[in-house]
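Worksheet: one structure, shown below.
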Amino acid sequence: MTFSNAINWLRRDGPRWENLGISLDTGTFSICQANGSALSANDAGYVTIPSKAAPGRQIVYRITANQTFIDDSGASTIIGNLFGLTTGIAYAQDLPFYIYAVSNDAATAVSFMISRVPHRTIAPVSANIGKTGSAVADTQGSFFAFDNPTVTDYDGNPCVCIGAIRMRMSASDDWTVQALSDGTSSSGANLQADGIGCFHEGTKFQVATGQFGAASGSFFTDNGGTAPAWTSQSLSYQIDVTGKVRYAMSGVTSSAGAGAVTATLVTPFVLIDTSGSPGTFQYTNGIGVFTVATATTLNMFAITSAPAFNVITNALLAVATLRGGFNIMAEAN
């Protein structure tokens with residue numbers, strides 16, 4: 001494709017890209033050419049991003065050099081950024097991370113960044129954009145910038161989500177990019193491909209225990225008492241590019257929790273609003289609903305029985321089988 005045709009093709013349909021790919025080499029993750037080669041003036045990539053100065057129009061950016069970050073397989077540049085996770089507790093399950101192209105104030109350059117949410121259209125404030133030597137990407141909607149840009153040149157500017165990868169966090173709050181998937185895995189997770197134009201919408205992700213405010217080894221909080229103990233438990237989810245998250249939870253308790261306090265399940269995403277009940281569940285003694293625990297803990301869900309909607313406490317979850325699911329919209333901030 002010639003340069004002229006690339007520009008014309010990109011302008012037709014809004015946010016698009018051409019000749020962009022990803023690579024992972026001994027801990028260095030890069031945005032590169034689609035074939036894995038280095039970007040250059042002779043072999044450039046392209047991305048369109050909505051114009052900030054002229055709403056309704058698109059700007060085509062020409063990318064002539066790779067942009068990279070280093071994970072904990074090397075001299076990590078991403079260590080210390082929490083992205084909404086609990087510090088000091090390893091997350092030994094894959095988490096989807098979404099690749100963004102972000103325009104600068106002058107609309108002359110692009111910085112590639114990653115985030116845990118796929119549906120931002122505007123970059124966060126500079127206080128929530130991490131980079132090399134500045135580990136401030138601590139909320140689920142924070143960005144981490146490749147290379148080492150001046151983040152104040154990019155905050156609050158238009159951005160486009162162009163792909164996805166998976167990472168895990170160690171107890172040292174450092175991150176490892178997972179081996180890139182080609183989407184042919186036959187695992188129960190239905191693992192889809194990593195890369196530009198790939199968003200893991202069909203991948204089933206498992207939540208790690210002890211995170212997001214949960215008790216050690218659990219998906220439930222102590223909530224002022226003691227969370228139930230489990231012989232088996234699973235909390236999985238899928239997320240699409242609009243930020244809609246679909247959860248499925250199952251478990252068998254081995255003993256009751258303690259305390260006349262609400263049994264409260266955590267999730268990896270803070271939701272957008274507090275209205276209504278996001279889903280239902282079934283347990284040994286009946287059926288119930290998940291409801292938001294409080295207006296200040298929007299990633300935690302109280303369990304109440306139906307039809308009376310009485311609170312189910314930690315102490316009531318004794319040798320119970322619990323199955324359920326619910327849908328939320330993830331907060332982008």
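The values are calculated or read from the model by the stated rules, or taken from the named source; none is laboratory data. For clarity, every value in this text was computed on a predicted model and none was experimentally measured. Ideal geometry is used to build each Cβ from the backbone, glycine not excepted, and the neighbour counts take in all protein chains shown.
Observations, loosely collected:
- Boolean, residue 197 is more than 26 Å from residue 74 (Cβ to Cβ) and at pLDDT 90 or above: yes
- Test result for residue 59, surrounded by fewer than 20 Cβ atoms within 10 Å (Cβ to Cβ) and of a type in the set (Val, Ile, Thr): yes
- Lone qualifier among 273, 240 - being acidic (Asp, Glu), modelled with pLDDT of 75 or more and within 28 Å of the chain's Cα centre (by Cα): 240
- Of all residues in the range 167-216, those being farther than 28 Å from residue 68 by Cα and free of Cβ contacts under 8 Å to residues at least 12 places away in the same chain number 3.
- Check on residue 45, buried (at least 20 other Cβ atoms within 10 Å of the Cβ) and not hydrophobic (A, V, I, L, M, F, W, C): yes
- Which listed residue, of 193, 171, 215, is assigned by TED's automatic domain parsing to the domain that holds residue 67 and more than 17 Å from the chain's Cα centre (by Cα): 171
- Matching entry among 147, 138, 182 (being touching a helix residue (DSSP H, G or I) at 6+ places or on another chain (Cβ under 8 Å), surrounded by fewer than 18 Cβ atoms within 10 Å (Cβ to Cβ) and of a type outside the set (A, V, I, L, M, F, W, C)): 138
- Breaking point among (1) of a type in the set (Val, Ile, Thr); (2) modelled with pLDDT under 90; (3) outside any strand (DSSP E or B), for residue 253: (3)
- Residue in the range 61-76 that is touching a strand residue (DSSP E or B) at 6+ places or on another chain (Cβ under 8 Å), within 18 Å of residue 178 (Cα to Cα) and among the aromatic types (Phe, Trp, Tyr) present: yes
- Filtered by the rule that a residue be crowded, with 18+ Cβ neighbours inside 10 Å and more than 16 Å from the chain's Cα centre (by Cα), the range 113-131 gives a lone residue, 131.
- Meets criteria (assigned by TED's automatic domain parsing to the domain that holds residue 70 and within 18 Å of residue 119 (Cβ to Cβ)) for residue 157: yes
- Per the listing 208, 214, 193, the residue uniquely assigned to a loop (DSSP other than H, G, I, E, B) and surrounded by fewer than 21 Cβ atoms within 10 Å (Cβ to Cβ) is 193.
- Condition met for residue 98 (surrounded by fewer than 23 Cβ atoms within 10 Å (Cβ to Cβ), in contact with a strand residue (DSSP E or B) (Cβ under 8 Å, 6 or more places away or on another chain), among the aromatic types (Phe, Trp, Tyr) and in contact (Cβ under 8 Å) with a residue 60 or more places away in the chain): yes
- Selection over the range 75-93 of residues that are outside any loop (DSSP other than H, G, I, E, B) and surrounded by fewer than 21 Cβ atoms within 10 Å (Cβ to Cβ) gives a count of 2.
- Selection from the range 132-156 of residues that are modelled with pLDDT of 95 or more, part of a loop (DSSP other than H, G, I, E, B) and under 15 Å from the mean Cα position of the chain (by Cα): 137, 138, 142
- Within the range 81-92, not a single residue is touching a Pro at 6+ places or on another chain (Cβ under 9 Å), modelled with pLDDT under 95, more than 30 Å from residue 219 (Cα to Cα) and small (Gly, Ala, Ser).
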